[in-house]
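K.L.:
Sharing a structure here in structure tokens format.
Every number here is computed from the coordinates shown, using simple stated rules; none is lab data. Keep in mind that this is a model prediction, so the values were computed, not measured. Note that we place each Cβ from the backbone using ideal geometry, even for glycine, and neighbour counts take in every protein chain shown.
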Amino acid sequence: MTITLIVFSALLLDAWLGEPHRFHPLVGFGNLAQAVECWLYANTAIRGLVAVLLLLIPLTLLSTLIASLPWHWMSDVLLLYLAIGWQSLGIHARRVQSALLAENLLEARQQVSRLVSRDTTLLDHGGVTKATVESVLENGNDAIFAAIFWFVVAGAPGTIAYRLVNTLDAMWGYRNDHYCHFGWAAARLDDALNYLPARLTALSYAITGQMHCALKCWKTQGSIWKSPNAGPVMAAGAGSLGVSLGGPAWYHGRLEQRPILGQGHTPNANDIERALGLIRRTLLLWLMVIGVGEWFAKQLILSA
């Protein structure tokens, strides 16, 4: 089975079944990571590195063993399906949109709190919308395109390794007193694994939207964001949609003065669906590029 068909099948499975509501492997991995943290925690970089390696190596080796079995394409489809979160992202974002359109700000705040790590209790209508669009753009890379990228590059083991590191970064990669050293290895490894996928996602957002504005915002704003990978993705995505993101936000009781990303109006509830549409167009672009690339690779092999 070709890589293109595996990716397409995993996306179809995700669109059909959505995220597993019970026994999701990433939830189980998160519980395992919490247990390892309780056992190994000390706020030092070496302890954090040992914890990451202890969790990452056995599971990656197991996925490598599975990938060597006959008919492994079935496990490839299943593992990639479990690694991506396209349908789940859309469901959570549309719940926020529905609450905003119904003028139920309290419900909208509760729904957006499931998407972002910032404090949402004081967000107004525009703040909730902005947080949702930001999450859609950033998670488009983290939960969809980076997982597909690593599958194309390194098969199911690459995708599994990436998603496990991404999960550990989400749990430990905070710049606070508790995790500043222990979470260092998870955060830096996630930065490294996301470097190329994030820039390909940013470029894809530009191609499938307002390209000139997206590229301009990426060039001028991408490097000023606190995350080296989220910055290009969100700047290009905001420019592609013609909206302004970023600005002040509360995180864990502290107000952060974030730079402005993008160019245009403050997003409204309808821009949430526009952001999800950008994800869909980018997915179509990626499937086309993967398919064409695979065809050319086969032609080169046949002509050698």
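K.L.:
Sort 295, 218, 39 so that the residue with the fewest other Cβ atoms within 10 Å of its own Cβ comes first and the one with the most comes last. Don't jump to the answer; show the numbers that get you there.
P.N.:
Values: 295 12, 218 26, 39 9.
By the 10 Å Cβ count, ascending, the order reads 39, 295, 218.
K.L.:
Only Cα pairs under 8 Å and at least 6 apart count here; give the relative contact order of the chain as a rounded whole percent. The partial results should precede the final answer.
P.N.:
Working: 451 pairs, mean separation 59.2, N = 304.
Rounded, it is 19 percent for the chain.
K.L.:
Still on this model: Using a 10 Å cut-off around each Cβ, can you sort 216, 130, 226 from fewest to most neighbouring Cβ atoms?
P.N.:
On the way: 216 16, 130 25, 226 10.
So the residues, fewest neighbours to most, are 226, 216, 130.
K.L.:
Check cross-link reach from residue 226 to the aspartates and glutamates: straight Cα distance under 17 Å, and skip same-chain residues fewer than eight apart.
P.N.:
Straight-line reach from residue 226, under 17 Å: 134, 138, 142, 169, 190, 191, 256.
K.L.:
Right, another one. Considering the chain as a Gaussian network with a 10 Å cut-off on Cα pairs, which listed residue, 207, 144, 46, attains the greatest mean-square fluctuation?
P.N.:
Fluctuation is largest for 46.
K.L.:
Local charge sum around residue 130 (other residues, Cβ-Cβ under 11 Å, Lys/Arg +1, Asp/Glu -1)?
P.N.:
On the way: positive: 118, 258; negative: 124, 134, 271.
Local charge sum for residue 130: -1.
K.L.:
All other residues with a Cβ under 15 Å from the Cβ of residue 113 taken together, and with Lys, Arg as +1 and Asp, Glu as -1, what is their net charge? Each step should come with its number before you reach the end.
P.N.:
Details: positive: 95, 109, 114, 118, 130; negative: 107, 119, 124, 134.
Once all neighbours under 15 Å are counted, the net charge is +1.
K.L.:
Could I ask something else about it? Counting other beta carbons within 10 Å of each residue's own, what order do 73, 225 fall into, fewest first?
P.N.:
Numbers: 73 16, 225 19.
Ascending number of Cβ neighbours within 10 Å: 73, 225.
K.L.:
Between the alpha-carbon centers of the stretch 172-205 and the stretch 58-117, tell me the distance in whole angstrom.
P.N.:
The stretch 172-205 and the stretch 58-117 have Cα centres separated by 18 Å.
K.L.:
Here's a follow-up. More than 24 angstrom separation, counting every C-alpha pair in the chain; what % is that? Write out the running numbers ahead of the final one.
P.N.:
Details: 25041 of 46056 pairs.
I get 54 percent for the Cα pairs in the chain exceeding 24 Å.
K.L.:
Per DSSP H run of at least 4 residues, take -39500 (n - 2.57); add these up for the chain, divide by its residues and hand me the 222 nm value, nearest 500 deg cm²/dmol. Walk me through the numbers on the way to the answer.
P.N.:
Values: 12 runs with 215 residues, N = 304.
Per the formula, -24000 deg cm²/dmol.
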